[in-house]
Each structure stands twice: as structure tokens, then as C-alpha cells.
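One structure is given below, encoded as C-alpha cells.
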Amino acid sequence: MSTPLLSVRNLTKQFDIGSGFLLRNDAVVHAVDGVSFSIPPGETLGLVGESGSGKSTTGRCILRLVEPTAGEIWFQGRNVSALDARAFRALCRDMQIIFQDPFASLNPRMTVGTIIGEALTIHKLAPSKEAFTDRVVELLETVGLQADHMHRYPHEFSGGQRQRIGIARALAVEPKLIICDEPVSALDVSIQAQVINLLEDLQGKLGLTYLFIAHDLSVVEHISHRVAVMYLGRIVELASARDLYVTPLHPYTEALLSAVPVTDPKARRKRIVLQGEVPSPIHPPSGCHFHTRCPIRQLPLCAREAPPLKETASGHFVACHLRS
Amino acid sequence: MVGSIPASATAELSAAPRSKAKQFSPWLDAWRRFRRHRLALVSTVVLSAIVLSVLFMPFVWSVPINEIDFTARLKGPSPAHPFGTDDLGQDLLSRMLYGGRISLAVAFAAMVVAIVVGTIIGAIAGMSRGWVGPALMWLTDLFLSLPPLPLLLLVIYLFRDSLKSVFGPEGGVFILIVLVVGGLRWMPAARLVRAQFLSLREKEFVEAARALGASRLRQVIRHILPNALGPVIVAATVDVAAAIIAESTLSFLGLGFPPDIPSWGRILFDAKDYLDIAPHWAMFPGVAIFLTVLSISFIGDGLRDALDPRKVM
């Protein structure tokens, strides 16, 4: 593996809740709890997990849209969390984000051209009006839209087209890393395929690196080189996409994979149905976060000690006392 | 999943190229919805008629406002004096037109003061994450809990003479009334703007701007404020109506403009002693205030519906 483009070390984010003036309340939400991973250039790392497992918060912490509580983020050999405002603005040209909701992520009062070209205005990348228009048209064509779309407003477009606009906006600064925060979850299945193919094409053409956040395992399997599975703010398993899907080690990954629908009606798989709900991230379980629902747990060890993320085979990491 | 679906590199072009004439900006869209609100449309016509006649009628009806004619005291409407005369025989139509200029100018200026102050305070409170926001909201609550009328009387009593000596009788009273009425009406706008900001600043398009490196000021001016403006515009119409009433109240209490500068409220105040002999004197300013406030309120209603994007009419 070459030197990583992005490397996250022990990232932790806790949200204070209800800390008012008179109502003192020390409750915190442990959204991300000591997450570490790295992505080499040109690779796609998939990040999967249920709602509330901290995947989106991880992505937002990397861009400092959310200020991390602890941990370090290294990007191209620089510590992102230690940068001042000016250096961080420069960094914005290398890291971008694509959002989940194509309806909330575009300003309804701006034309598509202004939305896509905003980065050019902010970073003064277009020396003249003609250069600005040329670049916006180029970006529109890169994502499969047309030049005359630039004078329209977002509400005139369908979900898939809007997501393409969001991608064009992210591409405007020629970033190296794009954080895709569930970019296809809000789209129809047929449109999902188009957007994913577009993302793959762009990766090939522009040498992009993706952190691909999703909850749909089949989407992630298709696009990712490696996949990390999150549960309650921690990575429980990290492996190459193939390894993870063929030989999952963590019982949570096994349960997730058994829930993926199979298109062949004859192929019957054993469903592993987890009991209970995801525990509250305000009071996460002690030890291994998964021990309350784990089918293979061994008390009291699992309830006492949090298992570290250990490498079992080459490149296959798992955080489980019993499987590593 | 992907293999079975023929995926194209270009987006689905269901929205095929359209002619330029059919393009709608969000503001054009709002205007289209406003046009369907009949009462608001009628009110717009009425208000425009009032504003236009107040602005331009004095050029046509050039009777001076202070021409005293004791032979024509307290006369009802006639061809020589279409709105009648007052106790000094002054022509009421020209006084009404002149007073309308003052009343509407005061109301509009007070609204601008209230909205600008409210928007700035609400925006700062909505963007701050520390103690500034709560502190500003305490200030807002403090102002909301002040009884407005006694305070108005006190402020006017204290500052009228010093302002008059600096800006002259007309300018001084104008500035004082605008500041006092506007300064006591900014709180609803501040709360409204803060609430809008709190929800908008977490929207993904604002996050996207932040991820692109947009400064705070840019986020506010380009992304948050334009989307927060709808309810503020509605609040502004309500403020105009309230300011007209407030100015009339002050003038009626004798604390507004002096008698030689008629505003609608002042004419009403002067007319109150002659209600039984010359009812027309009070009726014209009363009807003018009533029609103006009512039509502004209806326009506000129409704007509220038109600017609410969820409303499909």
C-alpha cells in the first residue's frame, strides 16, 4: 500500500445535549468513538452502518464541518485538525463532499450555474467572465448535463440530475478526495446505477479518491475497494470488499450481510436476526458495543473489555474477542 | 444490481430544453402565486391608488394646505372643497394628501428601521454559537415586555425639543417618531429571523458552501438570508400597518406632528371636537387609515401564501 492520502487516527466526536444555563445536563452523544482508518490515493473506502452509527459524522469531521472532539486527521501529510482558517480554506480545494439529499443540498434561490461556479468565485479560479462560463459548461458536461442547464433553478431538475449538479459543484475545485455521504440513498434504483457509474467514470478519469458512506451493502460492494463496517461509533470490521462479503468475521457484519436481499429465489440463505434495538449512543454498552445483541458473545469478557481492531488475515481487520 | 440496468452516461433528459420565456425564478414563481390571491390583488390596486394620489395629486389639486378662509368654515364636501373644510376653512383634500405623504413616509421609514434592526439582531443571534445568541434573545424579550405607549410618551417628552432644535420642527418630529415606532417594533422580526437562521444554517446547501470554503459573511448573504426573506417580507407589511396606527395614535394624543403639519392622525385629532357638527372632517382621515391598513394586511396575507413554497395553488 502506498502512502495514504487520508489517514484518520482515533477520531472521536461527542455531542453535548441539553447544556443550558439553568438546566445543567451532562449527557453526551458518543457519535464517533475512536475511529481509525486510512485511504491510499485513487482508492474507494466504503463506510457502512445503520442510521446513527456515526458514519456521516465521521465524514463531516474530516471536512471539519463538524469539529472533532479528539483524534487526528492527516491529509497529504498535513494535520487537518491543527490548521488555521486560511490554511483550511486552501485545503477546501482538495477535499469535497457530495450530500445525501439532492433537494436540500442545492440552494433553491441560486441558478445551477451560480451553484456550480461558487467555488470558482470563492477561490478566484476564474480570471474572467468567459473563463467562468467555460468552466461551468465544462463541469456540466463532465457530469452529463447540458450547457443550457446553467441558467435554470434546482427545482426544475429531477433527483438524479440534482445529484449530478452536486457532483459538479464538488468537482469545481478539482479535489483529490471526495466524501460521498450516502449520495444515492435518496434516489430511485435505476438512477442510483447511473450516478454510481458516473462516480466510477470520474474516478478513472480524474484519479479521485472516495470515502463512500452508505447503508446499502450492495451499492458499497460494487464501488468500494475496501469496506469498513461501523456500529455505534466504532469500526468493527475493515477488509477488502471481496473478503468482507465472502468471509465476514464479525458477527455484526454477518448479520448485516444475511439481510441483503438475494435476487435468486432458490438461493436460500440463513437469516441472522439480531434481537433488540441499537442501544442509545448516549449510554453505549460497556466493553464491546455489540455484546448486548451478539449471538456468539462470551460474558463477562465481552461486556468488560472493548476488543481492539486486530489484523487477522492480510488486510482484514476485525474487532472481536472471539474471532480474532 | 447495476449489471441488469442499462446505465447511461448522460442524465435522463426528461426536462428537455425549453424556451427562455418559460423559465421561472423563485421570485417570479411567488409573483405568479400572489396574482391568484384575489383579495391581495385588489388590495394592491387600492394601496397603489392611495400611494399614487398622495404622491401626485398635489400637483393637480394645488390648493394650499394652510389657506385660511373663515367664510367657508366646517363646510361639507362641495365642488370647491371635495373633502370639505375644517374649522379655519382650510381645504381638507389638500391637507389629506399632504398628511398622507407624512403618514406613509413615517410608516415606511419606521418599518425599514424595525426590519433592518430586527434582521441584524436576529441574524447575529442565529449565527452565533456562544453566549451572544442567548444574550440577544434576552434583550429581545426585555423589549417585548416593555409597555410601548408609556415608553413612547416618555421618550417623546424627553427628546422632542432637542431634536426639534437640531432638525427643525418637521424633521425633528419625523426622525423621533420613526425611531421610536421602529425601535419598539423590531423584536418580532428579530425572533423570526433567528428562527429561520437556526434551521437554515444546518441545511446541506449551507454546509456545502462551508465545505467550499465560503466565509461566514458569504454564507449569510448568499445562502441563508435569501431563503429567510419570505417571512420577513410578510412581517414588514404587518409593521407598515402597525406603524401607521402608532403614528395616528401619537398624533391623536397630541404628541405627534404640530398642527401646521397635518398627518392623518393629526387631522383626526383636530377633528374630534367637531364630530357632531362636521363628521366629514374625521371621516376622511379615518377611512384613509382604515383602507390603507386593511389593504396592507391583505397584501401581507397574499405574500405569506405566495412566499410559502409548500403552498401549491
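Of the numbered conditions (1) surrounded by fewer than 23 Cβ atoms within 10 Å (Cβ to Cβ); (2) away from chain A (no Cβ under 14 Å); (3) touching a helix residue (DSSP H, G or I) at 6+ places or on another chain (Cβ under 7 Å), B:G213 fails exactly one; give the number of that condition.
In the conditions (1) surrounded by fewer than 23 Cβ atoms within 10 Å (Cβ to Cβ); (2) away from chain A (no Cβ under 14 Å); (3) touching a helix residue (DSSP H, G or I) at 6+ places or on another chain (Cβ under 7 Å), B:G213 misses (2) alone.
Quick check on region A:125-142. Is at least one of its residues at the interface with chain B (Cβ under 9 Å from one of its Cβ atoms) and without any contact (Cβ under 8 Å) to a residue 40 or more places away in the chain? I'd like the intermediate steps shown before the answer.
The first filter runs over region A:125-142 and keeps only residues at the interface with chain B (Cβ under 9 Å from one of its Cβ atoms), leaving none.
Scanning region A:125-142, I find no residue that is at the interface with chain B (Cβ under 9 Å from one of its Cβ atoms) and without any contact (Cβ under 8 Å) to a residue 40 or more places away in the chain, so the answer is no.
Pick out, from region A:127-206, the helices (runs of 4 or more DSSP H) lying fully within it that include 1 or more residues that are open to solvent by 30 Å² or more (accessible area, probe 1.4 Å).
Details: elements: A:129-142, A:159-171, A:189-206.
Correct list: A:129-142, A:189-206.
State which residue is most open to solvent (accessible area, probe 1.4 Å) when the search covers only region B:192-210 and only residues that are of a type outside the set (A, V, I, L, M, F, W, C) and within 25 Å of A:P175 (Cβ to Cβ).
Our first condition is that a residue be of a type outside the set (A, V, I, L, M, F, W, C); within region B:192-210, this holds for B:194, B:196, B:199, B:201-204, B:207, B:210.
Restricting the remaining residues to those that are within 25 Å of A:P175 (Cβ to Cβ) gives B:201-204, B:207, B:210.
Values: B:R201: 33, B:E202: 96, B:K203: 80, B:E204: 30, B:E207: 12, B:R210: 61 Å².
Taking the candidates together, the pick is B:E202.
With respect to A:F21, is the statement that it is open to solvent by 30 Å² or more (accessible area, probe 1.4 Å), touching a helix residue (DSSP H, G or I) at 6+ places or on another chain (Cβ under 8 Å), at pLDDT below 90 and assigned to a helix (DSSP H, G or I) true?
no
Can you pull out the residues in region B:105-150 that are open to solvent by 30 Å² or more (accessible area, probe 1.4 Å) and either touching an Asp or Glu at 6+ places or on another chain (Cβ under 7 Å) or within 30 Å of B:V287 (Cβ to Cβ) (or both)?
Within region B:105-150, B:A105, B:F108, B:V112, B:V113, B:P147, B:P148, B:L149, B:P150 meet the criteria.
Of the residues that sit in region A:265-284 and are without any contact (Cβ under 8 Å) to a residue 40 or more places away in the chain and surrounded by 14 or more Cβ atoms within 10 Å (Cβ to Cβ), which one is nearest to A:Q14 (Cα to Cα)?
We begin by selecting, within region A:265-284, every residue without any contact (Cβ under 8 Å) to a residue 40 or more places away in the chain; these are A:265-277, A:280, A:283.
Keeping just the survivors that are surrounded by 14 or more Cβ atoms within 10 Å (Cβ to Cβ) gives A:272, A:274.
On the way: A:I272: 31, A:L274: 27 Å.
So, considering only residues that are without any contact (Cβ under 8 Å) to a residue 40 or more places away in the chain and surrounded by 14 or more Cβ atoms within 10 Å (Cβ to Cβ), the one nearest to A:Q14 (Cα to Cα) is A:L274.
Check region B:254-262 and report whether any residue there is in a helix (DSSP H, G or I) and buried (at least 16 other Cβ atoms within 10 Å of the Cβ).
The first filter runs over region B:254-262 and keeps only residues in a helix (DSSP H, G or I), leaving none.
The answer is no, given that none of the residues of region B:254-262 is in a helix (DSSP H, G or I) and buried (at least 16 other Cβ atoms within 10 Å of the Cβ).
Considering only residues of region A:95-107 that are open to solvent by 10 Å² or more (accessible area, probe 1.4 Å) and more than 17 Å from the chain's Cα centre (by Cα), which is farthest from the other protein chains (Cβ to nearest Cβ)?
Within region A:95-107, the first condition is being open to solvent by 10 Å² or more (accessible area, probe 1.4 Å), and the residues that meet it are A:100-101, A:103-104.
Okay, now just the ones that are also more than 17 Å from the chain's Cα centre (by Cα), so A:103-104.
On the way: A:F103: 9, A:A104: 4 Å.
Filtering first and then ranking leaves A:F103.
Okay, residues lined up against (1) over 26 Å from B:A235 (Cβ atoms); (2) within 14 Å of another protein chain (Cβ to nearest Cβ); (3) of a type in the set (A, V, I, L, M, F, W, C):
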{"residue": "B:W131", "(1), (2), (3)": "yes, yes, yes"}
{"residue": "B:W138", "(1), (2), (3)": "no, yes, yes"}
{"residue": "B:S162", "(1), (2), (3)": "yes, no, no"}
{"residue": "B:V166", "(1), (2), (3)": "yes, no, yes"}
{"residue": "B:F174", "(1), (2), (3)": "no, no, yes"}
{"residue": "B:I177", "(1), (2), (3)": "no, no, yes"}
{"residue": "B:L184", "(1), (2), (3)": "no, no, yes"}
{"residue": "B:L198", "(1), (2), (3)": "no, no, yes"}
{"residue": "B:V206", "(1), (2), (3)": "no, yes, yes"}
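Which one of the conditions (1) more than 17 Å from the chain's Cα centre (by Cα); (2) of a type in the set (G, A, S); (3) more than 11 Å from every other protein chain (Cβ to nearest Cβ); (4) under 30 Å from A:R9 (Cβ atoms) does A:G54 fail to meet, given that it meets all the rest?
(1)
Tell me, yes or no, whether region B:230-247 has at least one residue that is more than 14 Å from the chain's Cα centre (by Cα) and away from every other protein chain (no Cβ under 12 Å).
No, the conditions are met nowhere in region B:230-247.
Filter region B:216-229 down to the residues that are modelled with pLDDT of 90 or more and either facing another protein chain (nearest Cβ under 10 Å) or open to solvent by less than 50 Å² (accessible area, probe 1.4 Å) (or both) and list them by number.
At the first step, the residues of region B:216-229 found to be modelled with pLDDT of 90 or more are B:217-225.
Answer for region B:216-229, where residues must be modelled with pLDDT of 90 or more and either facing another protein chain (nearest Cβ under 10 Å) or open to solvent by less than 50 Å² (accessible area, probe 1.4 Å) (or both): B:R218, B:Q219, B:V220, B:R222, B:H223, B:I224, B:L225.
Which of the residues that make up region A:61-94 are more than 8 Å from chain B (Cβ to nearest Cβ) and within 13 Å of the chain's Cα centre (by Cα)?
A:C61, A:I62
The values are calculated or read from the model by the stated rules, or taken from the named source; none is laboratory data. Just so it is clear, the structure is predicted and the values come from calculations on it, not from any experiment. Using ideal geometry, Cβ is built from the backbone for each residue, glycine included, and neighbour counts are taken over all protein chains shown. Please note that ligands, DNA and RNA were not included when accessible areas were found on the heavy atoms of the full protein model with its side chains. Shrake-Rupley method; radii C 1.70, N 1.55, O 1.52, S 1.80 Å.
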